[in-house]
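Worksheet: the structure to be examined is printed underneath.
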Amino acid sequence: MRLRAAAATLVVAGVAAGLVGTAVLAGKGDGETRPRPAASGSTLEATLTDPDGNGALQRRSGEPLRDRTELAPASRRGRSLALMAQISDAHVRDEESPARALLLDRLGSPFTSTFRPHEALSGQVLAAAVGSLNRLAPDAVLVTGDLADSAQANELGNSLAVLEGGEVDPDSGDDGYDGPQSASNPDPFIYRPEVDAPRHPGLLDRAQQRFRSPGLDAPWYPALGNHDVLVQGEAPPSARLEQLAVGDRALVEADTDLRLPDSFDASAVDEVLGGGLPGRTAPVPADPARGHLAAGEVVARLRAAGDGGGSGARLDYSFDVGPSLRAIVLDVVRREGGSDGRVSGGQVRWLGREIARAGPRWLIVVTHQPLRSSLGGRRALALLDSSPRVVAAVSGHTHESSLEPRRTDAGGYWLIGTPSLADFPQQTRALRLVQTTGGLALETWMMDTAPGGLADTARELAFLDAQGGRPQGAAGGVADRNARLYLSR
C-alpha cells in the first residue's frame, strides 16, 4: 500500500481490492500540527473523526455514554464496584524480521493483513496506550492476547518491557532500519515513509531508537493470543520456520504458482519451505533474538510478568477485582495451528467449578478469541447462560469494537469485543461495573492512546491503511463504543 508522493494520492488498497482514494493528509509530515485526542485519552471528552470522508482526522466533542436497555431498563446509577481497562491485540512486531509473511496477503485468506504502513511503530503505540490507561487509574487491566505478532522472543520481550516499564529497544538485526519500507524498495504495495505520501522523513530511524515506557501502574492480567504462540498467528513454530526467523535471507517476491496449505500444522508449513523460500530472496542482517518461543515458554513468561496466576500448560486462572467482581481467564488458543479458538471439555468443567467458587461475586469471563466463534465455545456459553452472576464475556481477536446483548433465562449478559492497537482506531476499552436502583450496569468507553510522539503518526497511517483503517469499520457503530449496559439482577 504505497502512498505516492508524486500526485499526493493515497493508494488505499491491496492487490485484491484495487481501491484508490485521495488523502488530504498526503502532504503532512511529523513536524506539522495534527489533531490530537483528549489529554486523558478518554473519548468521553473528545473524539477523532473524519466528517468529510477525505482521510483527514479532526478533533470533535466526546461521545457520551449511550443507554443500552436490551437486557434491562435504565435506572439511576449508584456506587462504582470496580474499574477495569482492556488492552487487546497490540501485535508488537519485529518489522525487520525475515520471517514476516508480508507478501502472503496478496494470495488471500487467511493472510489478509500482514503489512501495515505504521508497522514499525507498534511498541510505541502500546507505550502510548499504557500512558493513557495510567491516567484512567483502573483497578486492573485485562491484556487479552496477541501482545506479540509472530511468536518471536524479541517481540514478546519488547511488549512485556512496555507493560512493565523501563527502556525498550525496538531495533533488531544490525543498527538502524533494514526492512521492507526502505526508500529503495521498488515494491509498489509497500509504503515508504521517506518518499511516499504522506511523507515522514526520518520516521524509520526514529522508530528504531530506544525509548522508555512508563509501565502500567495497575495490576495487569494476561490472556493468551494465537499470535503469541503461533507464527503469523497460524503456524506452530518448527525447525524450518526457526531457521527463517534467525537467518539472513528474506523473501522479496513470491513464486507466481505458490499455493498455501489448507492447514497450518508444522508438517504442512515445512513442506512449503522444504525447497527453501518460495521465490526471489534478498540478504538481511541475521539475529538470534528473533527465535520463536514454544507455547510453554510464552505462558511461563506471561505468568511471571503479569499478575495472573494458575499453573500448567494453559493460561487458565481467575482473580478478584475488589470484593464484588471476579474475572475468569480462559486460554482457548490451538497449539497445533490455526487462528480460531477451542475450548476443551476439561476447561468447561474447570469453568463450572470457578463459577461455583465465585459465590456472590459478579463474574466476567475473559478470552482472546470470542467464545461463540470457538470450537467448544457453545458449552462454555451454556454455563454462563445458566448463571445469574455473569455480567459479561470480554474478548479481542476480531480487531473490532462490539457490544452485544446475550439474552438468557438467568437475566442475560453482554458480549464485549475490543479493537486492536495494531489497526485503527488503536483504542483500549474502559469497563466500570456500577450498582443501579434496578440492579447493575456496566459502563464502557473507548480510550485513545496518549497524545504525542510516534503514536500520533501511527494513528494517522493506521486510519489510511486499507487493511485495517477506515474502510474496515473496526471502530464499530456509536452503540458499540461508549455505552451504559444495563443488567437486571
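General remarks:
- Positive dipole terminus of the chain, leading residue within VAL329, HIS91, VAL284 (C-beta point charges): VAL329
- The phi torsions of segment 81-88, fed into the Karplus equation with coefficients 6.51, -1.76 and 1.60 and a -60° offset, translate into couplings of 9, 6, 10, 10, 9, 10, 10, 9 Hz, rounded to whole numbers, with Gly and Pro shown as x.
- What the Cβ-Cβ distance of ARG372 and GLU271 gives, at R0 = 35 Å and to the nearest 0.05, is a FRET efficiency of 0.60.
- Candidates ALA127, LEU351, HIS200 compared by Cα position along the dipole of the chain: farthest toward the positive end lies LEU351, with charges placed on Cβ.
- Volume per residue for segment 434-489 equals 95 cubic angstrom (convex hull of Cα atoms).
- Take every Cα pair under 8 Å whose residues are at least 6 apart in sequence, average their separation, divide by the length of the chain, and the relative contact order is 22 percent.
- If both residues of a DSSP beta bridge must be in segment 364-437, then about 40% of such bridges are antiparallel.
- Order of ARG79, ARG59, ARG326 - criterion: other Cβ atoms within 10 Å of each residue's Cβ, fewest first: ARG79, ARG59, ARG326
- Placing +1 on the Cβ of every Lys and Arg and -1 on the Cβ of every Asp and Glu, with nothing else charged, gives the chain a dipole about its Cα centre of roughly 2240 debye.
- Remark on GLY341: its backbone amide H falls under 5 Å from those of LEU375, a criterion applied only to residues 5 or more positions apart or on other chains, H modelled at 1.01 Å from N.
- Magnitude of the charge dipole for segment 285-407, about its Cα centre and with charges confined to Cβ atoms of Lys, Arg (+1) and Asp, Glu (-1), is about 460 debye.
- Extension gain, ASP255 back to GLU404 (0.36 nm per residue minus Cα-Cα distance, nm): 49.3 nm
- Adding -39500 (n - 2.57) for every DSSP H run of four residues or longer, then dividing by how many residues the chain holds, sets the calculated 222 nm ellipticity at -5500 deg cm²/dmol.
- Which labelled figure in (1) 66, 29, 18; (2) 36, 27, 19; (3) 42, 32, 24 is semi-axes √(5λ) of the Cα gyration tensor in Å, once derived from the coordinates: (2)
- With the simple model of a label 7 Å out from the Cα in the direction of the Cβ, ARG66 to PHE211 spans 3.2 nm.
- Looking at the chain, the DSSP beta bridges with both ends there are about 65 percent antiparallel.
- Most tightly packed first, judged by the mean number of other beta-carbon atoms within 10 Å of their residues, the peptides 171-184, 427-440 read 427-440, 171-184.
- By the count of other C-beta atoms within 10 Å, a proxy for reagent exposure, THR408, THR114 are ordered fewest to most as THR408, THR114.
- Here ILE364, ILE190 are placed in order of increasing Cβ neighbour count within 10 Å, fewest first, which gives ILE190, ILE364.
- Shape of segment 135-267, Cα gyration tensor, a/c cut at 1.5: oblate
- The charge dipole of segment 347-483, taken about the Cα centre with unit charges on the Cβ atoms of Lys, Arg (+1) and Asp, Glu (-1), comes to about 760 debye, rounded to the nearest 20.
- Between amide H atoms placed 1.01 Å from N, distances below 5 Å from GLN58 occur with THR49, ASP50, all of them 5 or more places distant or on a separate chain.
- Between ALA151, THR114, VAL391, the Cα set farthest toward the positive side of the dipole of the chain (charges on each charged residue's Cβ, about the Cα centre) is that of VAL391.
- Here's how it looks for ALA250: its modeled amide H is under 5 Å from those of ALA282, VAL284, which are all 5 or more places away or on a different chain.
We did not get these values from a lab; they are worked out from the coordinates using the rules stated. Since this is a predicted model, take the numbers as computed values, not measurements. All Cβ positions, even for glycine, are placed from backbone atoms using ideal geometry, and neighbour counts span all protein chains on display.
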